[in-house]
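All remarks here apply to the structure that follows.
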Ligand SMILES: Cc1cc2nc3c(=O)[nH]c(=O)nc-3n(C[C@H](O)[C@H](O)[C@H](O)COP(=O)(O)O)c2cc1C
(Lines give C-alpha, C1' and ligand atoms only; values in the text may rest on other atoms or scores of the structure.)
Protein backbone atom coordinates (compact mmCIF):
# COMPACT_ATOMS: atom_id res chain seq x y z
CA UNK A 1 0.00 0.00 0.00
CA UNK A 2 1.27 3.46 -0.88
CA UNK A 3 1.56 5.78 2.08
CA UNK A 4 -0.16 8.96 1.01
CA UNK A 5 -0.15 11.75 3.58
CA UNK A 6 -1.54 14.65 1.60
CA UNK A 7 -3.53 15.05 -1.57
CA UNK A 8 -4.43 17.90 -3.91
CA UNK A 9 -7.67 17.74 -5.82
CA UNK A 10 -7.96 20.11 -8.78
CA UNK A 11 -11.31 20.15 -10.54
CA UNK A 12 -13.36 22.05 -13.06
CA UNK A 13 -17.13 22.06 -12.71
CA UNK A 14 -19.75 23.98 -14.65
CA UNK A 15 -23.01 23.02 -13.00
CA UNK A 16 -21.81 21.45 -9.75
CA UNK A 17 -21.80 17.72 -10.53
CA UNK A 18 -18.03 17.35 -10.61
CA UNK A 19 -17.79 19.55 -7.51
CA UNK A 20 -20.03 17.07 -5.64
CA UNK A 21 -17.84 14.16 -6.71
CA UNK A 22 -14.70 16.12 -5.68
CA UNK A 23 -16.12 16.73 -2.21
CA UNK A 24 -17.24 13.10 -1.84
CA UNK A 25 -13.66 12.00 -2.62
CA UNK A 26 -12.23 14.64 -0.31
CA UNK A 27 -14.42 13.31 2.53
CA UNK A 28 -13.26 9.72 1.99
CA UNK A 29 -9.58 10.72 1.77
CA UNK A 30 -9.87 12.68 5.03
CA UNK A 31 -11.43 9.58 6.68
CA UNK A 32 -8.24 7.74 5.74
CA UNK A 33 -6.15 10.36 7.56
CA UNK A 34 -5.00 12.11 4.38
CA UNK A 35 -4.81 15.90 4.37
CA UNK A 36 -6.63 17.28 1.34
CA UNK A 37 -6.45 20.60 -0.48
CA UNK A 38 -9.21 21.04 -3.00
CA UNK A 39 -9.05 23.69 -5.72
CA UNK A 40 -11.68 24.65 -8.24
CA UNK A 41 -10.51 25.91 -11.64
CA UNK A 42 -12.87 28.87 -11.71
CA UNK A 43 -10.61 31.51 -13.19
CA UNK A 44 -10.24 33.12 -9.77
CA UNK A 45 -8.27 30.90 -7.42
CA UNK A 46 -4.83 29.52 -8.23
CA UNK A 47 -4.24 25.81 -7.67
CA UNK A 48 -1.11 24.35 -6.16
CA UNK A 49 0.06 20.79 -6.20
CA UNK A 50 2.06 20.15 -3.07
CA UNK A 51 0.82 16.80 -1.75
CA UNK A 52 2.11 13.34 -2.55
CA UNK A 53 -1.11 12.42 -4.36
CA UNK A 54 -2.71 14.48 -7.10
CA UNK A 55 -6.26 14.09 -8.38
CA UNK A 56 -7.42 15.91 -11.52
CA UNK A 57 -11.15 15.93 -12.17
CA UNK A 58 -13.39 17.18 -14.95
CA UNK A 59 -16.82 16.86 -16.51
CA UNK A 60 -16.87 15.06 -19.87
CA UNK A 61 -17.48 17.53 -22.70
CA UNK A 62 -18.03 15.90 -26.10
CA UNK A 63 -15.98 12.85 -25.10
CA UNK A 64 -13.05 15.00 -23.98
CA UNK A 65 -11.92 17.20 -21.12
CA UNK A 66 -12.93 20.88 -21.02
CA UNK A 67 -10.46 23.46 -22.27
CA UNK A 68 -9.85 24.65 -18.68
CA UNK A 69 -8.25 21.27 -17.96
CA UNK A 70 -6.10 21.40 -21.12
CA UNK A 71 -4.93 24.85 -20.05
CA UNK A 72 -4.22 23.72 -16.50
CA UNK A 73 -2.13 20.78 -17.69
CA UNK A 74 -0.24 22.98 -20.16
CA UNK A 75 0.70 25.45 -17.44
CA UNK A 76 1.33 22.81 -14.73
CA UNK A 77 4.79 22.40 -13.24
CA UNK A 78 6.79 19.27 -14.04
CA UNK A 79 5.23 16.29 -12.24
CA UNK A 80 8.36 14.61 -10.82
CA UNK A 81 6.61 11.22 -10.96
CA UNK A 82 3.83 12.44 -8.70
CA UNK A 83 1.22 9.73 -8.18
CA UNK A 84 -1.80 11.00 -10.10
CA UNK A 85 -5.43 9.99 -10.54
CA UNK A 86 -7.60 11.33 -13.37
CA UNK A 87 -11.32 11.25 -12.77
CA UNK A 88 -13.98 12.17 -15.30
CA UNK A 89 -17.62 12.86 -14.49
CA UNK A 90 -20.19 12.27 -17.19
CA UNK A 91 -23.88 12.08 -17.79
CA UNK A 92 -23.64 8.85 -19.77
CA UNK A 93 -21.00 6.76 -18.02
CA UNK A 94 -18.25 4.59 -19.47
CA UNK A 95 -19.95 3.87 -22.77
CA UNK A 96 -19.26 4.37 -26.45
CA UNK A 97 -17.23 7.50 -27.20
CA UNK A 98 -16.85 8.42 -23.50
CA UNK A 99 -14.30 5.62 -22.95
CA UNK A 100 -11.65 7.80 -24.61
CA UNK A 101 -12.44 11.01 -22.70
CA UNK A 102 -9.37 10.87 -20.43
CA UNK A 103 -6.86 9.83 -23.10
CA UNK A 104 -5.48 13.19 -24.14
CA UNK A 105 -5.39 14.59 -20.59
CA UNK A 106 -3.51 11.53 -19.33
CA UNK A 107 -1.13 11.66 -22.27
CA UNK A 108 -0.31 15.33 -21.58
CA UNK A 109 0.14 14.66 -17.84
CA UNK A 110 2.44 11.71 -18.48
CA UNK A 111 4.48 13.84 -20.89
CA UNK A 112 4.88 16.33 -18.05
CA UNK A 113 6.20 13.66 -15.72
CA UNK A 114 3.03 12.77 -13.76
CA UNK A 115 2.68 9.10 -12.86
CA UNK A 116 -0.97 8.52 -13.78
CA UNK A 117 -1.74 5.22 -12.10
CA UNK A 118 -5.49 5.55 -11.62
CA UNK A 119 -8.43 6.59 -13.79
CA UNK A 120 -12.14 6.38 -13.18
CA UNK A 121 -15.50 7.55 -14.49
CA UNK A 122 -18.23 8.81 -12.18
CA UNK A 123 -21.75 9.46 -13.38
CA UNK A 124 -23.88 12.38 -12.25
CA UNK A 125 -27.26 13.73 -13.38
CA UNK A 126 -26.77 14.97 -16.92
CA UNK A 127 -26.91 18.71 -17.53
CA UNK A 128 -27.63 18.67 -21.27
CA UNK A 129 -30.31 17.73 -23.84
CA UNK A 130 -32.91 16.03 -21.63
CA UNK A 131 -33.02 15.43 -17.90
CA UNK A 132 -33.08 11.97 -16.35
CA UNK A 133 -36.04 10.84 -14.30
CA UNK A 134 -36.05 11.94 -10.65
CA UNK A 135 -35.55 8.28 -9.64
CA UNK A 136 -32.48 7.85 -11.82
CA UNK A 137 -30.96 11.10 -10.59
CA UNK A 138 -31.74 10.01 -7.04
CA UNK A 139 -29.91 6.73 -7.56
CA UNK A 140 -26.85 8.48 -9.04
CA UNK A 141 -26.65 10.75 -5.99
CA UNK A 142 -27.41 7.94 -3.55
CA UNK A 143 -24.59 5.79 -4.89
CA UNK A 144 -22.00 8.62 -4.87
CA UNK A 145 -20.62 8.10 -1.32
CA UNK A 146 -20.18 4.36 -2.01
CA UNK A 147 -18.48 5.01 -5.35
CA UNK A 148 -16.20 7.59 -3.70
CA UNK A 149 -15.33 5.17 -0.91
CA UNK A 150 -14.56 2.47 -3.45
CA UNK A 151 -12.39 4.77 -5.55
CA UNK A 152 -10.43 5.98 -2.53
CA UNK A 153 -9.89 2.38 -1.32
CA UNK A 154 -8.33 1.64 -4.72
CA UNK A 155 -6.36 4.90 -4.96
CA UNK A 156 -4.64 4.49 -1.59
CA UNK A 157 -3.27 1.10 -2.63
CA UNK A 158 -1.26 2.95 -5.27
CA UNK A 159 -1.91 0.03 -7.63
CA UNK A 160 -2.34 0.65 -11.32
CA UNK A 161 -6.00 1.02 -12.30
CA UNK A 162 -6.04 2.14 -15.90
CA UNK A 163 -8.71 1.54 -18.54
CA UNK A 164 -8.33 0.70 -22.19
CA UNK A 165 -10.44 2.92 -24.44
CA UNK A 166 -11.93 1.48 -27.60
CA UNK A 167 -9.93 2.41 -30.73
CA UNK A 168 -13.09 3.73 -32.41
CA UNK A 169 -13.80 5.94 -29.38
CA UNK A 170 -10.29 7.38 -29.55
CA UNK A 171 -10.92 8.27 -33.16
CA UNK A 172 -14.36 9.77 -32.58
CA UNK A 173 -13.24 11.71 -29.50
CA UNK A 174 -10.57 13.36 -31.67
CA UNK A 175 -13.22 14.40 -34.19
CA UNK A 176 -15.35 15.69 -31.35
CA UNK A 177 -12.63 18.18 -30.42
CA UNK A 178 -14.57 20.37 -32.84
CA UNK A 179 -16.81 21.08 -29.85
CA UNK A 180 -14.08 23.37 -28.51
CA UNK A 181 -14.56 25.61 -31.58
CA UNK A 182 -18.34 25.36 -31.31
CA UNK A 183 -17.99 26.56 -27.70
CA UNK A 184 -16.57 29.87 -28.89
CA UNK A 185 -19.54 30.36 -31.16
CA UNK A 186 -21.99 29.31 -28.44
CA UNK A 187 -20.42 31.67 -25.90
CA UNK A 188 -20.13 34.68 -28.17
CA UNK A 189 -23.75 34.43 -29.19
CA UNK A 190 -25.30 34.03 -25.78
CA UNK A 191 -27.53 36.98 -24.98
CA UNK A 192 -29.57 38.20 -22.06
CA UNK A 193 -33.17 39.03 -22.90
CA UNK A 194 -35.46 41.70 -21.41
CA UNK A 195 -35.90 39.66 -18.22
CA UNK A 196 -32.27 40.38 -17.25
CA UNK A 197 -32.16 42.41 -14.03
CA UNK A 198 -28.50 43.31 -14.44
CA UNK A 199 -27.59 41.51 -11.19
CA UNK A 200 -24.20 40.48 -12.58
CA UNK A 201 -24.30 36.98 -11.07
CA UNK A 202 -23.43 35.44 -14.45
CA UNK A 203 -20.29 37.56 -14.77
CA UNK A 204 -19.31 36.93 -11.16
CA UNK A 205 -19.69 33.16 -11.44
CA UNK A 206 -18.40 32.42 -14.94
CA UNK A 207 -15.45 30.02 -14.44
CA UNK A 208 -13.91 31.29 -17.68
CA UNK A 209 -14.20 35.04 -16.90
CA UNK A 210 -16.03 35.17 -20.21
CA UNK A 211 -18.74 37.63 -19.20
CA UNK A 212 -18.37 41.31 -18.41
CA UNK A 213 -21.11 43.69 -17.36
CA UNK A 214 -21.62 46.77 -19.52
CA UNK A 215 -24.43 49.21 -18.72
CA UNK A 216 -25.89 46.59 -16.39
CA UNK A 217 -26.10 44.00 -19.16
CA UNK A 218 -23.83 40.98 -19.61
CA UNK A 219 -21.54 40.94 -22.62
CA UNK A 220 -20.36 37.50 -23.68
CA UNK A 221 -16.97 36.83 -25.26
CA UNK A 222 -15.16 33.99 -27.01
CA UNK A 223 -13.69 32.20 -23.98
CA UNK A 224 -16.73 29.99 -23.32
CA UNK A 225 -16.48 26.21 -22.83
CA UNK A 226 -20.30 25.66 -22.75
CA UNK A 227 -20.25 24.80 -19.05
CA UNK A 228 -23.82 26.17 -18.91
CA UNK A 229 -23.38 27.70 -15.48
CA UNK A 230 -24.62 31.14 -16.59
CA UNK A 231 -27.61 29.73 -18.44
CA UNK A 232 -28.85 27.55 -15.57
CA UNK A 233 -27.89 29.78 -12.62
CA UNK A 234 -29.43 33.00 -13.92
CA UNK A 235 -32.17 33.91 -11.39
CA UNK A 236 -34.31 35.40 -14.19
CA UNK A 237 -33.60 32.60 -16.70
CA UNK A 238 -32.72 35.45 -19.05
CA UNK A 239 -29.63 34.02 -20.76
CA UNK A 240 -30.55 32.43 -24.06
CA UNK A 241 -28.22 30.73 -26.55
CA UNK A 242 -28.58 31.63 -30.20
CA UNK A 243 -26.92 28.43 -31.43
CA UNK A 244 -27.32 24.82 -30.20
CA UNK A 245 -30.48 25.81 -28.30
CA UNK A 246 -31.59 22.20 -27.89
CA UNK A 247 -28.39 21.43 -26.01
CA UNK A 248 -29.74 23.03 -22.85
CA UNK A 249 -32.42 21.38 -20.74
CA UNK A 250 -35.64 23.38 -21.16
CA UNK A 251 -36.71 23.15 -17.52
CA UNK A 252 -33.24 24.16 -16.34
CA UNK A 253 -30.70 22.26 -14.25
CA UNK A 254 -30.00 22.73 -10.55
CA UNK A 255 -28.00 19.96 -8.93
CA UNK A 256 -28.90 21.08 -5.38
CA UNK A 257 -32.61 21.07 -6.23
CA UNK A 258 -32.20 17.59 -7.76
CA UNK A 259 -30.54 16.45 -4.54
CA UNK A 260 -33.35 17.92 -2.41
CA UNK A 261 -35.98 16.22 -4.58
CA UNK A 262 -34.12 12.91 -4.29
CA UNK A 263 -34.52 12.97 -0.50
CA UNK A 264 -38.26 12.38 -0.96
CA UNK A 265 -37.83 9.21 -3.00
CA UNK A 266 -38.79 6.31 -0.75
CA UNK A 267 -37.99 3.38 -3.02
CA UNK A 268 -35.79 3.17 -6.10
CA UNK A 269 -36.92 1.13 -9.10
CA UNK A 270 -34.70 -1.69 -10.41
CA UNK A 271 -31.71 -0.33 -12.38
CA UNK A 272 -32.96 -1.97 -15.60
CA UNK A 273 -36.18 0.04 -15.35
CA UNK A 274 -34.62 3.32 -14.26
CA UNK A 275 -31.96 3.25 -17.00
CA UNK A 276 -33.61 1.65 -20.04
CA UNK A 277 -32.27 1.66 -23.59
CA UNK A 278 -28.98 1.88 -25.44
CA UNK A 279 -28.20 5.46 -24.42
CA UNK A 280 -28.34 4.46 -20.76
CA UNK A 281 -25.98 1.48 -21.06
CA UNK A 282 -23.11 3.26 -19.31
CA UNK A 283 -25.33 4.46 -16.46
CA UNK A 284 -26.86 0.99 -16.11
CA UNK A 285 -23.46 -0.65 -15.78
CA UNK A 286 -22.34 2.01 -13.30
CA UNK A 287 -25.37 1.51 -11.08
CA UNK A 288 -25.51 -2.28 -11.38
CA UNK A 289 -22.17 -2.50 -9.54
CA UNK A 290 -23.91 -1.14 -6.43
CA UNK A 291 -27.61 -2.07 -6.64
C1 LIG B 1 -20.59 20.93 -23.37
C2 LIG B 1 -21.00 19.63 -22.72
C3 LIG B 1 -20.68 18.44 -23.34
C4 LIG B 1 -21.04 17.23 -22.73
N5 LIG B 1 -20.64 16.06 -23.33
C6 LIG B 1 -20.89 14.89 -22.73
C7 LIG B 1 -20.43 13.68 -23.31
O8 LIG B 1 -19.76 13.66 -24.34
N9 LIG B 1 -20.73 12.53 -22.68
C10 LIG B 1 -21.46 12.50 -21.51
O11 LIG B 1 -21.70 11.42 -21.00
N12 LIG B 1 -21.90 13.64 -20.93
C13 LIG B 1 -21.63 14.84 -21.50
N14 LIG B 1 -22.05 16.01 -20.91
C15 LIG B 1 -22.72 15.95 -19.61
C16 LIG B 1 -21.76 16.28 -18.47
O17 LIG B 1 -20.55 15.57 -18.61
C18 LIG B 1 -22.35 15.93 -17.10
O19 LIG B 1 -23.62 16.49 -16.96
C20 LIG B 1 -21.45 16.38 -15.97
O21 LIG B 1 -21.94 15.81 -14.77
C22 LIG B 1 -21.42 17.89 -15.83
O23 LIG B 1 -20.52 18.22 -14.78
P24 LIG B 1 -20.57 19.59 -14.01
O25 LIG B 1 -21.94 19.68 -13.34
O26 LIG B 1 -19.48 19.51 -13.01
O27 LIG B 1 -20.37 20.68 -14.99
C28 LIG B 1 -21.74 17.22 -21.50
C29 LIG B 1 -22.09 18.43 -20.91
C30 LIG B 1 -21.73 19.63 -21.50
C31 LIG B 1 -22.11 20.92 -20.81
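The values are calculated or read from the model by the stated rules, or taken from the named source; none is laboratory data. Since the structure is predicted, the reported quantities are computational estimates derived from the model, not experimental observations. Counting neighbours? That spans all protein chains shown, and the Cβs are built from the backbone with ideal geometry, glycine included.
Taking the stretch 120-162 as the search range and keeping residues that are surrounded by fewer than 21 Cβ atoms within 10 Å (Cβ to Cβ) and touching a strand residue (DSSP E or B) at 6+ places or on another chain (Cβ under 6 Å), which one is nearest to residue 269 (Cα to Cα)?
Checked the stretch 120-162; the qualifying residue nearest to residue 269 (Cα to Cα) is 154.
From the list 225, 231, which one is without any contact (Cβ under 8 Å) to a residue 60 or more places away in the chain and within 12 Å of the ligand (Cβ to nearest atom)?
231
When you look at residue 54, is it under 11 Å from the mean Cα position of the chain (by Cα) and surrounded by 20 or more Cβ atoms within 10 Å (Cβ to Cβ), yes or no?
No, not satisfied.
Restricting to the stretch 124-172, count the residues that are farther than 13 Å from residue 21 by Cβ and in a loop (DSSP other than H, G, I, E, B).
Residues in the stretch 124-172 being farther than 13 Å from residue 21 by Cβ and in a loop (DSSP other than H, G, I, E, B): 17 in total.
Which condition breaks for residue 115 when tested against (1) assigned by TED's automatic domain parsing to the domain that holds residue 57; (2) loosely packed, with under 15 Cβ neighbours inside 10 Å?
(2)
Got a sec? Which of 241, 207, 218 is surrounded by 15 or more Cβ atoms within 10 Å (Cβ to Cβ), more than 20 Å from the chain's Cα centre (by Cα), more than 14 Å from residue 127 (Cα to Cα) and within 13 Å of the ligand (Cβ to nearest atom)?
Checking each option against the conditions leaves just 241.
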